[in-house]
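Notes to accompany the following structure.
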Amino acid sequence: MAFNSFLSLLGIGRKLVWVFMVFAVFASQVQAKVLEGIKLQEQIELGTETLTLNGAGKRSKFFIDLYVAALYLTEKTQDADKIIHDDQTMLLQLHVISKLISSENLSKGTEEGFNKSTNNNTQPIKEEIDVFLESFKEPIKLGDMFEIIYLPTKEITVLKNRQLIKRMPVSMSFKEALFGIWLCDKPAQASLKNNLLGK
């Protein structure tokens, strides 16, 4: 039985098949850099698109390194507003590098990030935020990797260690607030914002 036919029997649509095939070409990719022991790729093939590493950096708090974030775009740019508002495919990786990261504090930190990126006006997208935060409900351990993918079909897909854990339709307002957590005027960490912008 063909792979697509098998997935169809399971009720999995073509869009999801597209996401499942994202990482089939990793063996041919060139290593770009190593940050805190995390190997980051220069390019990632996502369906028919090629995403390029725009920048990467560490999220730290109280002098403790928590995770490595890496941002992949269809075209590199240092314009934060363009990334936030752009309706193009993009991917954000979060590599957990601290045992202090837990489901509870990652969810809380992300929620605080939404508050900052919306200037405390999360009410219009509260339902979307609540659904998205379910991505972090399972226990988190050192070495886990989350990948947050935005598709211009107004859809967010979240993978944990390359396993699908969330797929949801989103409004553009939610997408902007989500990427604004790291790139808005009040980002999670100013130095990390600059790193993600390749500065």
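Seen from LYS58, the other residues with C-beta closer than 11 Å to its C-beta sum to a net charge of 0, counting Lys and Arg as +1 and Asp and Glu as -1. What trypsin sites (Lys or Arg not before Pro) in region 149-196 are in a loop by DSSP, with at most 13 other Cβ atoms within 10 Å of the Cβ? In loop regions of region 149-196 (DSSP not H, G, I, E or B), the sparsely surrounded trypsin sites (Lys or Arg not before Pro) are ARG162. Taking 7 Å steps out from each Cα toward its Cβ at SER102 and LYS186 produces label points 2.6 nm apart. Per residue, region 66-106 exposes 43 Å² of solvent-accessible protein surface, assessed with a 1.4 angstrom probe and all protein chains in place.
Within 11 Å, Cβ to Cβ, of THR122, how many net charges do the neighbouring residues add up to if Lys/Arg are +1 and Asp/Glu are -1? Please report the intermediate quantities before stating the final value.
On the way: positive: LYS116, LYS126; negative: GLU111, GLU112, GLU127, GLU128, ASP130.
With Lys, Arg at +1 and Asp, Glu at -1, the neighbours total -3.
Among residues other than GLU45 whose Cβ falls under 15 Å from its Cβ, what is the net charge (Lys/Arg +1, Asp/Glu -1)?
Here the count lands on -2.
The values are calculated or read from the model by the stated rules, or taken from the named source; none is laboratory data. The structure presented is a predicted model; accordingly, all values stated were derived computationally and were not measured. As a convention, Cβ positions derive from the backbone with ideal geometry for all residues, glycine included, and neighbour counts pool all protein chains shown. Just the protein is used for accessible areas: all its heavy atoms, side chains included, with ligands, DNA and RNA removed. Shrake-Rupley method; radii C 1.70, N 1.55, O 1.52, S 1.80 Å.
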